[in-house]
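Q: One structure is given below, represented as structure tokens, and several questions about it will come after.
The values are calculated or read from the model by the stated rules, or taken from the named source; none is laboratory data. Note that the structure is predicted; figures quoted are calculated from it, not measured. As a convention, Cβ positions derive from the backbone with ideal geometry for all residues, glycine included, and neighbour counts pool all protein chains shown. Ligands, DNA and RNA are excluded from the accessible area calculation, which covers all protein heavy atoms including side chains. Shrake-Rupley method; radii C 1.70, N 1.55, O 1.52, S 1.80 Å.
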Amino acid sequence: MNLRSTIVEPGPSSAAILVRAAVGVVFLSEGILKFLRPSDQAAGRFTTIGIPAPEFFGPLAAVTETLCGTLVLVGLLTRIAALPLLIDMVLALALTKIPILWGGSADKPKADGFWDMMHEARLDWALLLCSTFLLVTGPGRWSLDAVIARRTTTSAR
């Protein structure tokens, strides 16, 4: 198996479409919201939580979430698209959820301790694990990656 087939191989699971739908819809909608409400969702929020260069990283997050969410949703280059989404979730957890363990984060100053952190991080954890699932298993049979793989296999014969 070569690198190309590892990246675009759709994997055997038909149920992966459900995970793709969940991940894709959430990231796509959150990315669009960052464009529509930058003061609440992108640069403004990034300023509040102390991210440097929020006017750069806010739109970058919006583009990443919108583009990669769309790719995951349709199942195109799914494993590649899952990587930036994983990074997005790791950063969200590290910058906004983990600080709750020791007394609150900049955007959730009243949250404090393990259970508040787990509550605030519930969607982040789910998206992190679902994106990891897609990275490992691929997008499944019902995806554009699967269509491409079938056409490539057929034309190679």
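Q: Counting only helical runs of four or more DSSP H residues, what would the 222 nm mean residue ellipticity of the chain come to if each run contributes -39,500 (n - 2.57) and the total is spread over all its residues?
A: -21500 deg cm²/dmol
Q: Also, I was wondering about something else. Apply the Karplus parameterisation 6.51 cos²θ - 1.76 cosθ + 1.60, with θ equal to phi minus 60°, to every residue of segment 42-49 and state each ³J(HN,Hα) to the nearest whole Hz, in sequence, with x for glycine and proline.
A: Listing the rounded values in order: 10, 4, x, 5, 5, 5, 4, 8 Hz.
Q: Provide the packing ranking of 44-50, 81-87, i.e. peptides ordered by the mean count of other C-beta atoms within 10 Å per residue, highest first.
A: Packing order, densest peptide first, comes out as 81-87, 44-50.
Q: Which whole-angstrom value gives the distance between the alpha carbon centres of segment 108-157 and segment 36-83?
A: One Cα centre to the other: 16 Å.
Q: Angle between the Cα long axis of helix 78-92 and the longest principal axis of the chain, 0 to 90 degrees, nearest 10?
A: Helix 78-92 sits at roughly 10 degrees to that axis.
Q: Suppose all protein chains stay in the model; what accessible area per residue would a 1.4 Å probe give for the chain, in Å²?
A: Averaged over the residues of the chain, the accessible area is 56 Å².
Q: Also, quick follow-up: Relative to the first principal axis of the alpha-carbon coordinates of the chain, what is the inclination of helix 144-156, with its axis defined by its Cα atoms, in degrees from 0 to 90 and to the nearest 10?
A: 30
Q: Using a cut-off of 18 Å between alpha-carbon atoms, which aspartates and glutamates can reach residue 97, once sequence neighbours fewer than 8 places away in the same chain are excluded?
A: 30, 40, 88, 107, 112, 116, 120, 124
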